[in-house]
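The values are calculated or read from the model by the stated rules, or taken from the named source; none is laboratory data. Quick caveat, the model's predicted, so the values are computed rather than measured. No Cβ is skipped: glycine too gets one built from the backbone with ideal geometry, and neighbour counts run over all protein chains shown. When the accessible area is computed, the model is the full protein with side chains, heavy atoms only, and any ligands, DNA or RNA have been set aside. Shrake-Rupley method; radii C 1.70, N 1.55, O 1.52, S 1.80 Å.
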Amino acid sequence: MTQDELKTLVGQAALEYVVPGEIVGVGTGSTVNKFIDALAAMKDRIPGAVSSSNASTERLRALGIPVFDSNEVGELSVYIDGADEIDGSGHMVKGGGAALTREKIVAAQSRRFVCIADESKRVEVLGAFPVPVEVIPMAVQRIVRQFAALGGSAAVRLRDGQPLITDNGQQILDVRGLRIKDPLRFESDVNQWPGVVTVGVFAHQKAAVCLLGTAAGVQTLTY
Ligand code: 5RP
């Protein structure tokens, strides 16, 4: 099976976790796009979604799925999103699509994080994928130096030769060269650095379940 087919498989499998009659939290990325497409088939059984990015909002609305502001609704039963990496405890690196801040907000608003990923995302130790960090532009160079002191090499993410600007009007640093053996501590520490909006390690908002797409089918991992 191709990676794209594995993404389709887990996107469809995630429908089982959507609670009829309840609003669902929706992440961002190519795997989530497969989920959104599948969700259209049950749109009459849910009031709608809370979305983690402008891109997902657009896709949901185009399929006729209402999107609610996160402040209009209370706790969500489930949040469904992809990951760039997931370890054996359900800790993740996320933000390859630059949506990490809103993803973490919607994940925090949800009782259960269901991660959908193909098997290439499963790792022993987080950090081979460059860790995305959303930052306030005036703090960029100081934060680059702080990562250098940890052995990481941070670079501003560019789009068309210019710093990429997130849905929140900030920039993204991608940090290479880290091996994150204690994700909870790393997330807590980096969150304290002035100018950091969100670090793309999801350890406090880790997955409860991962639907992993493999050649043998969907594996359900629980943490
Ligand atoms: C976006 C994310 C995505 O969940 C992550 O990048 C995985 O994306 P894809 O499903 O396209 O591989 O965190 O900010």
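Nearest 5 is fine: what % of DSSP beta bridges in the chain come out antiparallel, could you say?
Details: 25 of 43 bridges.
Around 60 percent antiparallel, to the nearest 5.
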Residues whose placed amide H lies under 5 Å from that of Val67, excluding near-sequence neighbours:
Ala49
In the chain, lysine pairs closer than 17 Å at Cα, eight or more apart or cross-chain
13
Computed label-point distance, nm, for sites Asp4 and Ile165 using a 7 Å Cα→Cβ extension:
3.2 nm
Just how much of Tyr223 is accessible, in Å², when a 1.4 Å probe is used and the result is rounded to the nearest 10?
80 Å²
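For a quick protection proxy, order the peptides 35-45, 163-173, 83-93, 205-215 by their average other-Cβ count within 10 Å, most packed first. Working shown, then result.
Numbers: 35-45: 16.3, 163-173: 17.9, 83-93: 23.3, 205-215: 20.2.
Going by the mean number of other Cβ atoms within 10 Å, highest first, we get 83-93, 205-215, 163-173, 35-45.
What is the dipole size for the stretch 107-212, taken about its Cα centre, with +1 at each Lys and Arg Cβ and -1 at each Asp and Glu Cβ, in debye to the nearest 20? Walk me through the numbers before you get to the answer.
Values: 13 positive and 10 negative charges, 38 e Å.
Dipole magnitude for the stretch 107-212 comes out near 180 debye.
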Please report the carbon-and-sulfur percent of the accessible area for the chain; probe 1.4 Å, protein heavy atoms only, DNA, RNA and ligands left out.
49 percent
Lys and Arg at +1, Asp and Glu at -1: neighbours of Cys115 with Cβ under 13 Å from its Cβ sum to -1
Return the distance in nm (one decimal) between the two label points of a simple spin-label model at Glu124 and Ala215, each offset 7 Å from Cα along Cα→Cβ.
2.1 nm
Could you rank Phe147, Phe186 by how accessible they are, 1.4 Å probe, largest area first?
Phe186, Phe147
